[in-house]
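What follows is a set of notes on a single structure, which appears directly below.
Taken together, the values in this text are just the output of simple stated rules run on the coordinates, not laboratory data. Bear in mind that the values here come from a model prediction, so they are computed numbers and not experimental data. Here the Cβ is made from the backbone with ideal geometry for all residues, glycine too, and neighbour counts use every protein chain on show.
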Amino acid sequence: MKQVALSHIHQALGAKMIPFAGYNMPVQYEGVNIEHETVRKGVGVFDVSHMGEFLIEGPNALDLIQSVCSNDASILNVGKAQYSCMPNATGGIVDDLIIYRVKEETYLLVVNASNIEKDWNWINSKNHMGAIMKNISDGYSLLAIQGPKAVEAMQSLSSTDLSSIKFYNFEIADFAGIEHVIISATGYTGSGGFEIYCKNSEVEHIWNKVFEAGKNFGIKPIGLAARDTLRLEMGYCLYGNDIDDTTSPIEAGLGWITKFTKAFTNHEALQKQKEHGVERKLVGFELNERGIPRKDYPILDANGNAIGTVTSGTMAPSIGKGIGMGYVSIASSKAGNKIFIQIRKKTIPATVVKLPFYKG
């Protein structure tokens, strides 16, 4: 079991620790609902240092990224970030990721913790153009400071105007007395804030300064359980649940990050899907009665026929309803359509809704 650099701090704070993607991670501190509410209304801090970071460098860096990623990274200027995915050769997704253009010929790829080795091997196998690749995952930490009060709470820690960093932009600047920290206006919660990339040797100092600066704003540490409820309320995909090696980006509603202005792995097949349509689609749904949908529960039509499976589900703290996502047949995928979720021996009615669930 790998430990993140702040494991001892999470344990001292009384966090419930669980194995996650090979790491010992804090799943909750006070409780999911309290932590969820803290991020929606104030400011909270997630330690997500288990995420993977690769540097792709040199004159052929962009060519490699363009060949393995679905989105068009050529539009990125230095200081901009982009959500993307890596299609596989059989119609599925190797992983979803964020691409940062750090310098003219240097890109940072941030990948899911459970896929670090798989992603590295996949990108390396496609590196016929000789781009320089460095896996820096084990040396770097990542803090997500999220919520509507994040900018105000953290401004005293940086000489950069944090409010001027637009969504999916970043600065490499001073933060908490440390030079050259990536301050990125990205996150997985839908409530604003930043992600801070720093060296493992710097993260404890930064964590302490962040909590000092946020004290008057009610800042709290937040675990992975609330990260999951927050992202699900936004309809954000989680790799391994809503997208995986068998789900295409078109089926998953990720056509907006799949750009056919260039060649990439399996682009011809995905373009046909986009033009001709797919047989199933990832949808969001709300339960019409009490209940909590969970991963792998069957989705049925009015006649009791199986039409899909739940990929993610929870009781949404901000909405007060059971919500979920799942793949259903195209005929059942329109917003407003009535479906049914098999929860143990009960069949609970639900309605397909447009994402996100949480409108802020």
- Note on the structure: With label points set 7 Å from each Cα along the Cα-to-Cβ direction at N305 and E30, the distance between them in nm comes to 4.9
- Message: For the chain, report the % of Cα-Cα distances exceeding 32 Å.
- Response: 33
- Projected label distance in nm at H8 and S164, using a 7 Å step from Cα toward the beta-carbon: 3.9
- Taking springs between alpha-carbon atoms closer than 10 angstrom, which of D47, D63, D95 fluctuates most in the Gaussian network model of the chain? D63
- Note on the structure: About its Cα centre, the chain carries a charge dipole, from +1 on Lys and Arg Cβ atoms and -1 on Asp and Glu Cβ atoms, whose size in debye to the nearest 20 is 1260
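Output the relative contact order of the range 1-48, whole-number percent, from Cα pairs under 8 angstrom with separation of 6+ residues. Working shown, then result.
On the way: 43 pairs, mean separation 14.4, N = 48.
It comes to 30 percent, rounded to a whole number.
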- In a Gaussian network model of the chain with springs linking alpha carbons closer than 10 Å, the residue among A73, A226, A263 that fluctuates most is A263
- Task: Binning at 10 Å from 0, report for the range 279-353 what percent of all alpha-carbon pair distances ends up in each bin.
- Result: 23, 62, 15, 0
- Message: Whole angstrom only: what separates the Cα centroid of the range 14-89 from the Cα centroid of the range 298-343?
- Response: 27
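In debye to the nearest 20, how big a dipole does the range 279-353 give about its Cα centre with +1 on each Lys and Arg Cβ and -1 on each Asp and Glu Cβ?
Numbers: 11 positive and 5 negative charges, 35 e Å.
Value, rounded to 20: 160 debye.
Could you give the dipole magnitude of the range 62-124 about its Cα centre, charging the beta-carbon of Lys and Arg +1 and that of Asp and Glu -1, in debye to the nearest 20?
On the way: 4 positive and 8 negative charges, 26 e Å.
Roughly 120 debye for the range 62-124.
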- Just report the Cα centroid separation between the range 196-256 and the range 155-183, whole Å. 18
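Between E275 and D296, take the C-beta separation as r, use R0 = 30 Å, and let me know the FRET efficiency to the nearest 0.05.
Details: r = 32 Å, r/R0 = 1.05.
Computed FRET efficiency for E275 and D296 comes out at 0.40.
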- Determine ³J(HN,Hα), in whole Hz, for all residues of the range 295-306 in sequence, where each value follows from phi through the Karplus function 6.51 cos²θ - 1.76 cosθ + 1.60 and θ = phi - 60°; x replaces Gly and Pro. 3, 6, 5, x, 10, 10, 8, 4, 8, x, 7, 5
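Which GluC sites (Glu not before Pro) from the range 77-156 combine a DSSP loop assignment with at most 11 other Cβ atoms within 10 Å? Numbers along the way, then the final one.
On the way: sites: E104, E105, E117, E152; in loops: E104, E105.
Sparse-neighbourhood loop GluC sites (Glu not before Pro): E104.
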- Note on the structure: Here, trypsin sites (Lys or Arg not before Pro) of the range 93-133 satisfying both criteria (DSSP loop; at most 13 other Cβ within 10 Å) are none
- Query: PRE reach from T351 (point 7 Å along Cα→Cβ): which of the range 293-335 fall under 16 Å by backbone N?
  - Reply: 319-324, 333-335
- Note on the structure: Given Cβ charges of +1 for Lys and Arg and -1 for Asp and Glu, the option among T265, G336, G240 whose Cα lies farthest towards the positive end of the dipole of the chain is G336
- Task: At 7 Å along the Cα-to-beta-carbon direction for both N77 and T246, put a label point, then send me their distance in nm to one decimal.
- Result: 4.4
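In the range 4-125, how many lysine pairs have Cα atoms under 28 Å apart, counting only pairs 8 or more places apart or on different chains?
5
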- Query: Could you give me the ³J(HN,Hα) list for the range 279-290, computed from phi with Karplus coefficients 6.51, -1.76, 1.60 and θ = phi - 60°, whole Hz, x at Gly and Pro?
  - Reply: 8, 9, 8, 7, 10, x, 9, 10, 6, 8, 9, 4
- Based on DSSP, what percent of beta bridges with both residues in the chain are antiparallel, to the nearest 5? 95
- Item | Packing rank of 25-31, 240-246, 141-147, where each peptide gets the mean count of other beta carbons within 10 Å, highest leading | 141-147, 25-31, 240-246
- How high is the FRET efficiency between F260 and N216 when r is their beta carbon distance and R₀ equals 56 Å, given to the nearest 0.05? 0.65
